[in-house]
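Engineer: The structure's right below; bear with me while I get my questions together.
Just so it is clear, none of the values below were taken in a lab; they were calculated from the coordinates. Quick caveat, the model's predicted, so the values are computed rather than measured. Heads up, the Cβs are rebuilt from the backbone with ideal geometry, glycines too, and the neighbour counts pull from every protein chain shown.
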Amino acid sequence: MPKLYIAEMLRAQHKHHVSFHTPGHKRTGADITELSYSDCLSSPTGILQAAENDIAEILGGERSFILTDGSTSGIFSMVYALKAAGKTSLAVPAYSHPSVWHACEVMRIKPVPMPQTVRYGIPQQPDVAALEAALEGAEAILLTSPDYYGNIANLSAAQKLCVQANKPLLVDGAHGGHLHREKEVYAGSYADMWVDGVHKSLPAMTQGAVVSAKSQGWAKNLHAGVLRFRTTSPSYPIMASVEYAVKYPQNDRIKEAAKAFKREHGCYENADWTKILVPFGKEGPKAAAYLEAHGVYPEFNDGNYIMFYLSPCTKEKDLKVLGRLLKKLARGEVKEDAPAGAIPMYSEDE
Ligand SMILES: Cc1ncc(COP(=O)(O)O)c(C=O)c1O
């Protein structure tokens, strides 16, 4: 494991520490605030700067910003950066996360939905024709990759089209923090700005995320966005966990085990090993109850699939337990064109 600047600072704190500062619990330990030795996230010059520099180098960005308010604040910051560059419209997948629609609403950027076909009950990534059409009608594109169902967007085609049209490409990688070691499918290999939701698929605490920009120009605008949409009271345990998660080594064993598991259990064929979707159809609720009774909690049951979310920290023995339990369960038919319950299409009333 490379040097962990934030965790080492937290470990080296003075034992004798009398708190006349926030937070109000007044306890010593990791949950401190920005002090002389712990740096300041809005204008870092010490350990936070060192951690963000390392993260940017690993993720392939000109600059990366640690977030303790989830991918949501990264998405708001990216959309702010677009607005600051004078853009007024953004093509987004029809099944984008609510934070994307909300950011457009707040920034007064017109969202232009890209149609997504639903196949096997799962929205598919916009195809090249949809990307081409999107670029006719919008000044930038945002793709979600991978999405909640583990489908990976055609980022290489999107990048080529965006470069030709001289329009920026943004990626919501809330579910793709683990992909930075797989450069051919990683958002940072293609996008001008992207979010890594490291708390979902890497060992970071809930809400830990990173937003990055590829070039100096976008980094400047993104920084302005981050200063507006990020808390000024960042949690040190979350920040330390973000640095740890980004530097966490690849786990090829669990990745290969997951791929074999998917083949063995007739799972939905997606490209992201961390998302295992087992088709249960109407048998889903019974299956989920059985699994919970055995102490196994999945990510979601959308009425078609039960989804099991893995990370490099998933234990092979737990995957084996899951496999044994699944073999005891009845399966139902997947509704082919049913809208996906886990990522409903946005409605204006929200
Ligand atoms: C595709 C997608 N984007 C963005 C988000 C927002 O991420 P966070 O909850 O970390 O703010 C989510 C959350 O589930 C998501 O699924």
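Engineer: Sort His178, His25 so the one with the fewest other Cβ atoms within 10 Å of its own Cβ comes first. Intermediate values should be presented prior to the final figure.
Structural biologist: Values: His178 28, His25 9.
Lowest to highest Cβ neighbour count: His25, His178.
Engineer: Averaging sequence separations of C-alpha pairs under 8 Å and six or more residues apart, then dividing by the length of the chain, give the relative contact order as a whole percent. Intermediate values should be presented prior to the final figure.
Structural biologist: On the way: 697 pairs, mean separation 69.9, N = 350.
Worked out over the chain, it gives 20 percent.
Engineer: Where both residues lie in the chain, what percent of DSSP beta bridges are antiparallel, nearest 5? Can you show the working numbers first?
Structural biologist: Numbers: 18 of 32 bridges.
Close to 55 percent.
Engineer: Please compute the net charge surrounding Asn151, taking Lys and Arg as +1 and Asp and Glu as -1 over other residues with Cβ under 12 Å from its Cβ. It would help to have the intermediate numbers written out before the result.
Structural biologist: Numbers: positive: Arg119, Lys275; negative: Asp127, Asp147, Glu269, Asp272.
So the environment of Asn151 carries a net charge of -2.
Engineer: Expected output is a single nm value to one decimal: the length gained when fully extending between Thr33 and Lys183, i.e. 0.36 nm times separation in residues minus the C-alpha distance. What is it? Before the final figure, lay out the partial values.
Structural biologist: On the way: separation 150, 0.36 × 150 = 54.00 nm, distance 3.53 nm.
Additional length available on full extension: 50.5 nm.
Engineer: Can you give the local net charge around Ser73? Use residues other than it whose beta-carbon is closer than 11 angstrom to its beta-carbon, Lys and Arg +1, Asp and Glu -1. Before the final figure, lay out the partial values.
Structural biologist: Values: positive: Arg228, Arg230; negative: Asp69.
Net charge in that neighbourhood comes out at +1.
Engineer: Taking a ≥ b ≥ c as the square roots of the eigenvalues of the Cα gyration tensor of the chain, is the shape rounded (a/c under 1.5), prolate (a/b larger than b/c) or oblate? Mind showing how you got there, number by number?
Structural biologist: On the way: a/c = 1.89, a/b = 1.18, b/c = 1.61.
Since a/c reaches 1.5 but b/c is at least a/b, the shape of the chain is classed as oblate.
Engineer: Cα-based Rg of segment 252-326 per 2.2 N^0.38 Å, rounded to two decimals? All intermediate terms of the calculation are to be shown ahead of the outcome.
Structural biologist: Working: Rg = 11.5 Å, N = 75, 2.2 N^0.38 = 11.3 Å.
Dividing the Cα Rg of segment 252-326 by 2.2 N^0.38 Å gives 1.01.
Engineer: Taking only C-alpha pairs under 8 Å that are 6+ residues apart, what is the relative contact order of segment 252-326 in percent? Before the final figure, lay out each step's value.
Structural biologist: Working: 88 pairs, mean separation 23.8, N = 75.
Computed value for segment 252-326: 32 percent relative contact order.
Engineer: So, one more: Would you kindly derive the ³J(HN,Hα) couplings of segment 99-108 from the backbone phi angles with the Karplus curve 6.51 cos²θ - 1.76 cosθ + 1.60 (θ = phi - 60°), listing them in order in whole Hz, with x for Gly and Pro?
Structural biologist: 4, 5, 5, 5, 4, 4, 4, 5, 8, 6
Engineer: So, one more: Using 7 Å Cα-to-Cβ label points, what is the Thr22/Ala84 separation (nm, one decimal)?
Structural biologist: 2.3 nm
Engineer: Could you give the length gained on full extension between Met1 and Ala289, defined as 0.36 nm per residue of separation minus the Cα-Cα distance, in nm?
Structural biologist: Numbers: separation 288, 0.36 × 288 = 103.68 nm, distance 3.90 nm.
Roughly 99.8 nm would be gained on extension.
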